[in-house]
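First up is the structure itself, then whatever we jot down about it.
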């Protein structure tokens, strides 16, 4: 599960960096990338997925390091203190992509802008 999720996040950003954008042609002209919302079963899985993504930064592959440096990873879970000014609820900074790791709390109880 973790490898597949990491690979999908990697592929989306890799394609974007190489001029292929399947989500929204406006992204490239505005410089604002769509965010990726990943649903996971619980806090342990959220923490593990965060580590999988962050470990790409220490990868020996330059291509993985280039991708991870453009990602901002945010965690949403009912046990974590989440305020409305949390970065997950704001648009991504120019040139960055938010990856939000969450349980189904994010499915019905909150609104996150710019999620693809």
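A few notes on this one:
- Restricting attention to the stretch 17-73, the residues being over 26 Å from residue 104 (Cβ atoms), at pLDDT 80 or above and assigned to a helix (DSSP H, G or I) number 0.
- For the stretch 75-92, the candidate set comprises residues that are in contact with a helix residue (DSSP H, G or I) (Cβ under 9 Å, 6 or more places away or on another chain) and part of a loop (DSSP other than H, G, I, E, B); within that set, the residue that is modelled with the highest pLDDT is 77.
- Within the stretch 39-54, the set of residues being touching a strand residue (DSSP E or B) at 6+ places or on another chain (Cβ under 9 Å) and within 24 Å of residue 66 (Cα to Cα) comprises 46, 47, 49, 50, 53, 54.
- Restricting the stretch 93-116 to residues that are under 10 Å from the mean Cα position of the chain (by Cα) and not in a loop (DSSP other than H, G, I, E, B), the residue that is modelled with the lowest pLDDT: 115
The values are calculated or read from the model by the stated rules, or taken from the named source; none is laboratory data. Quick caveat: nothing in here was measured; it's all calculated off a predicted structure. Glycine also receives a Cβ, built like all others from the backbone with ideal geometry; neighbour counts cover every protein chain displayed.
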